[in-house]
Ligand code: ARG
């Protein structure tokens with residue numbers, strides 16, 4: 001009798017433990033940003049980058065720009081809704097890796113190093129690096145940078161570009177979180193030059209007569225692509241929609257709207 005009840009008890013204990021095991025496995029299957037409504041995707045950007053993404057305080061507090069129009073057009077084609085949030089540029093890839101967000105559009109260049117941690121679509125726009133300085137202390141060549149302080153956005157490919165330049169001429173590199181801070185530092189003289197993409201720099205030249213710049217060799221282009229979590233199922237869908245927009249002229253229309261006709 002004793003043996004039988006012991007047997008039953010151990011059976012019950014066993015059943016209980018395995019039930020707990022299954023329950024645990026199920027909750028582990030739920031991943032960060034993808035839980036909740038499957039049709040709503042969380043996008044992050046670094047809204048310091050007109051005309052790609054920025055807040056026009058005169059018009060409101062919403063993030064607007066080329067990347068925002070592009071993602072809404074792509075989302076319409078793929079049947080998703082996209083919610084946009086703002087972050088420092090340097091936090092975007094870690095947020096994707098931690099599955100806090102589903103995608104990033106931030107004029108982000110698909111470098112091989114980044115592609116180890118996130119998946120990229122095809123490139124949707126290409127720009128060049130520019131060395132920006134004050135007109136009255138104008139820097140006209142890489143050699144002019146000798147002994148100068150050069151500012152770059154933290155975590156950007158311009159930061160790598162600065163390191164590359166520092167192998168040719170002696171410069172001091174300063175990092176800032178936002179492009180607007182770089183422009184501020186230029187004007188106050190805390191840095192002598194900044195490396196900024198031409199499309200973004202051109203926007204600053206239009207508003208600010210004190211600034212000047214020159215483009216670096218175009219063999220070193222900086223393209224932009226959409227980043228997703230590694231192995232994300234969305235990459236392929238968005239790539240297909242992007243291809244459609246390239247072929248039917250919709251992408252060109254957006255480029256003209258935000259970057260003007262010069263493309
Ligand atoms: N294309 C450069 C990069 O990927 C700079 C992008 C900066 N984007 C921004 N929203 N601030 O590193």
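Since every read-out is calculated from the coordinates, none of them should be taken as a lab result. What you see is a predicted model, and the numbers here were worked out from it, not measured in a lab. Reconstructed Cβ throughout: ideal geometry from the backbone, glycine too, with neighbour counts over all protein chains shown.
Consider all pairwise Cα distances in region 56-207 and report the whole-number % of them above 24 Å.
Numbers: 4580 of 11476 pairs.
Tail of P(r) above 24 Å: 40 percent of Cα pairs.
Calculate how large, on average over all directions, the projected area of the Cα convex hull of region 190-243 is; give the answer in nm² to one decimal.
Values: hull surface 26.6 nm².
Computing the convex hull of the Cα atoms and averaging its projections yields 6.7 nm².
Let's test the formula: R0 of 51 Å, r as the Cβ-Cβ distance of residue 217 and residue 40. What FRET efficiency results, to the nearest 0.05? Kindly include the intermediate steps, with their values, before the conclusion.
Values: r = 42 Å, r/R0 = 0.83.
After rounding to 0.05, the efficiency reads 0.75.
Evaluate the distance, in nm, between pseudo-label points positioned 7 Å from the Cα of residue 257 and of residue 58 along their respective Cα→Cβ axes.
2.0 nm
Could you tell me what fraction of 2.2 N^0.38 Å the Cα radius of gyration of region 63-151 comes to, as a two-decimal ratio?
Numbers: Rg = 17.4 Å, N = 89, 2.2 N^0.38 = 12.1 Å.
Compared with the compact-globule rule of thumb, region 63-151 sits at 1.44.
How compact and how long is region 132-263, expressed as Rg and Dmax of its alpha-carbon atoms in Å?
Using the Cα atoms of region 132-263, the pair Rg, Dmax is 17.4, 51 Å.
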